[in-house]
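The values are calculated or read from the model by the stated rules, or taken from the named source; none is laboratory data. Note that this is a predicted model, so its numbers are computed, not measured. Every residue, glycine as well, gets a Cβ built from its backbone with ideal geometry; the counts of neighbours run over all protein chains shown. In case anyone asks, the SASA skips ligands and DNA or RNA and just uses the protein heavy atoms, side chains included. Shrake-Rupley method; radii C 1.70, N 1.55, O 1.52, S 1.80 Å.
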Amino acid sequence: ALRIMELVGAKAGDASRAGAFAGLAQRVQGNFAEKYFNSQTQCLFDVLEDNGSRDPAIRPNQIIAVSLPFSPLDPVMQKSVVNTVQRLLVTPMGLRTLAPGSLGYHGRYAGDQLARDMAYHQGTAWPWLMGPFVSAYVKAHGNTPAAREEAREFLTPFSAHFFKAGLGSISEIADGDAPFYPRGCVAQAWSVGEVLRAYWEDVMNMAPPWPHEKGFAEAAPAAVRRPTPVGR
């Protein structure tokens with residue numbers, strides 16, 4: 001948000017305000033990396049408490065800190081986060097909400113209401129999170145043709161899923177354990193939207209540039225649209 005406001009200030013010709021936002025963004029970036037990066041697990045802590053304690057649970061939302069166009073993490077940290085998330089959280093149906101073996105992990109979203117609620121954010125896989133993961137994967141691997149082809153493989157299982165729950169659509173959630181049975185509503189907008197976005201922008205490399213990237217004036221003169229976070 002601060003980097004975007006820096007761009008807005010520059011676009012408005014307000015160098016002073018743009019500089020102020022740039023300075024704040026730099027401070028946040030340094031503090032974020034220092035406080036959140038867990039050198040033992042090579043990924044991010046989940047929660048920072050007021051008393052200074054940090055929750056080391058490995059959860060998927062950390063991938064967004066890599067996938068966004070302005071990451072608070074340096075390239076080495078970004079790749080480490082991607083590698084850890086790929087190893088522990090990626091399933092054919094999206095990203096688990098908690099790493100297997102963690103305290104409170106539930107690999108199946110089944111049973112009565114209480115049992116399902118206990119699993120919803122404790123191991124259940126969410127297809128929509130595959131979108132930011134694919135974006136982060138391509139970015140961390142240099143946005144190369146090889147990286148885009150590798151990223152395609154993360155999306156391929158959804159082709160078979162189209163015929164398993166809601167015909168031609170993608171479910172809300174799935175079990176975190178094999179065989180990753182689809183659960184929840186059978187047609188979820190953010191599941192469909194993120195898989196499509198990641199395929200178009202990251203696998204097909206068709207994302208328009210951000211205003212700080214080369215080619216913005218020609219590609220998107222009237223609107224700022226979200227691209228892959230790599231200049232071209």
*asked:* Quick check for the chain: number of Lys pairs with alpha-carbon distance under 20 Å, counting only pairs 8 or more apart or on different chains?
replied: 4
*Could you check the simple spin-label distance between Glu49 and Ala178, using points 7 Å along Cα→Cβ, in nm with one decimal?*
3.7 nm
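How large is the dipole of the chain about the Cα centre if only Lys and Arg carry +1 and Asp and Glu carry -1, each at its Cβ, rounded to the nearest 20 debye? All intermediate terms of the calculation are to be shown ahead of the outcome.
Working: 22 positive and 21 negative charges, 73 e Å.
It works out to roughly 340 debye.
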*Over the Cα atoms of the chain, what is the Rg over Rh ratio if Rh follows Kirkwood?*
1.00
*Share of Cα-Cα pairs in the range 94-211 lying beyond 24 Å, as whole percent*: 31 percent
*Highest average packing first - 48-56, 188-196, Cβ atoms within 10 Å*: 188-196, 48-56
*Determine how large the accessible area of Ser169 is when every protein chain is in place; take a 1.4 Å probe and give Å² rounded to the nearest 10.*
20 Å²
*Roughly how many Å is it from the Cα centre of the range 11-34 to that of the range 95-140, as a whole number?*
34 Å
*Computed helical MRE - 222 nm, the chain, DSSP H runs ≥ 4 contributing -39500 (n - 2.57), nearest 500*: -12500 deg cm²/dmol
*asked:* Would you work out the Kirkwood radius for the range 1-78? I mean one over the mean of 1/r across all pairs of different Cα atoms, in Å.
replied: 13.8 Å
_At 1.4 Å probe radius, can you tell me the per residue accessible area of the range 1-155 in Å²?_
51 Å²
*In nm, give the distance between the simple-model label positions of Ile64 and Glu150, each being 7 Å from the Cα along the Cα-to-Cβ direction.*
2.5 nm
_Restricting the calculation to Cα positions, tell me the Rg (one decimal) and the Dmax (whole number) of the range 46-153 in Å._
15.0, 46
*asked:* Taking all protein chains in place and a 1.4 Å probe, what share, in percent, of the accessible surface of the chain do carbon and sulfur account for?
replied: 59 percent
